[in-house]
1. Given H placed 1.01 Å from N in the peptide plane, which residues other than close sequence neighbours of Leu57 have an amide H under 5 Å from its amide H?
2. What is the set of long-range amide H partners of Ala234 at a cut-off below 5 Å, with H atoms built 1.01 Å from backbone N?
3. Just add up the charged neighbours of Ile115: K/R +1, D/E -1, any other residue whose Cβ is under 13 Å from the Cβ of Ile115.
4. When the Karplus curve 6.51 cos²θ - 1.76 cosθ + 1.60 is applied with θ = phi - 60°, which whole-Hz ³J(HN,Hα) does each residue of region 54-63 get, with x for Gly and Pro?
5. Please list the non-local residues whose amide H lies under 5 Å from the amide H of Ala293, H modeled 1.01 Å from N, same-chain partners needing a gap of 5 or more.
6. Compute a Gaussian network model of the chain, connecting alpha carbons closer than 10 Å, and tell me which residue from Leu251, Leu97, Leu299 fluctuates the most.
7. Set the Förster distance to 45 Å, then compute FRET efficiency between Tyr302 and Ala81 from the Cβ-Cβ distance, nearest 0.05.
8. Report ³J(HN,Hα) in whole Hz for each residue of region 225-238, in order, from the Karplus equation J = 6.51 cos²θ - 1.76 cosθ + 1.60 where θ = phi - 60°; Gly and Pro get x.
Amino acid sequence: MKIFQNFDLKERNTLGLRANTKYYTEPESVEELKAILSDDSYNEIPKMVMGEGSNILFTGDYTGLIIHPSIKDIRITDEDADYIYLRAGAGVVWDKLVEFAVDRGWGGIENLSSIPGCVGAAPVQNIGAYGAEAKDTIFRVEYLTFEGLVDKTLSCEECRFGYRDSIFKRELKGRGVITYVTFRLSKIPAINAGYEDVKQAMKGVSEPTIFQVREAISSIRAKKLPDPAVVGNAGSFFKNPVVNKSLALQLKESYQDLKLFPAGENEYKLPAAWLIDKCGFKGSRTGNVGVHANQALVLLAYEGATGEELINLSKTIIKTVKERFNVDIEPEVNIC
């Protein structure tokens, strides 16, 4: 177990922004995590939990301790006639877990293929894509509190999942470290291929398998999203906004190509990418930052980019979308 000082974070965030943290550590077990947090040296300093750095924007150096949980074991904890209960460490790479499940024929998370990040981030963000969300399969979440170092467990319902939201982004934000997540996966998977892009990719396949769904979605994402190793990005920078029915139908009347997605009683979700594209940002570049030409939700950080440049670009996009459509969009990335 090592504690690194003045640690360079450039290779630890997919935007590739330059930043240092005063302390950095990668505990490989709950015991190691407790040993670090029980050290009086770190009692009074800020603490932040970071996974693969795929959803974070650094505006400067971090003055505290960054914890990257590296707990990577996966095991079955229970099963019945219909389901497998799979417990995965917070440090497991998310797509490796999806691959692990799909290869064994266990369904439920295949539509979340190729999402960057670690298992520990899945419940925080309630990650979602192509008609599925993490909450659909999460059974329980285990975490360790910073105060008192108490091991706690929350059921799916207690996590208060919402659209890209959870209790870990609200009441429990900054109060602990997720250590394990248990997923309930189906032994008899129901195929979820209703999303238009997935439908097109699966055209001609009469009885698709979850393996084929995973392949299709991975291919779609590879075409739409840039490789962070080539140009810095954090995937989808903005959330899709949810608006009231009246505004949604008003916009639909003016823009026939706008797609509306029901999001509860008298509410609709709008595609933020469409709104940004209509405002002319898609494919644009300002200084060292820009908007991806294939997916307007993705902001790009070219070499030399700063967090301030990205924030200024995002503010310009937010302001322009509001002025044109009277719709508020907000960042999905964590800004620190």
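All of the numbers you see were taken from the coordinates with simple rules; none came from a lab. What you see is a predicted model, and the numbers here were worked out from it, not measured in a lab. Ideal geometry is used to build each Cβ from the backbone, glycine not excepted, and the neighbour counts take in all protein chains shown.
1. Asn334, Ile335, Cys336
2. Long-range HN contacts for Ala234: Leu299.
3. -1
4. 8, 9, 9, 10, 8, 9, x, 5, 9, 8
5. Amide H neighbours of Ala293, under 5 Å, 5+ apart: Gly283.
6. Of Leu251, Leu97, Leu299, the most mobile in the Gaussian network model is Leu251.
7. For Tyr302 and Ala81, the calculated efficiency is 0.30.
8. Values per residue, Gly and Pro as x: 10, x, 7, x, 6, 9, 9, x, 6, 10, x, 5, 7, 10 Hz.
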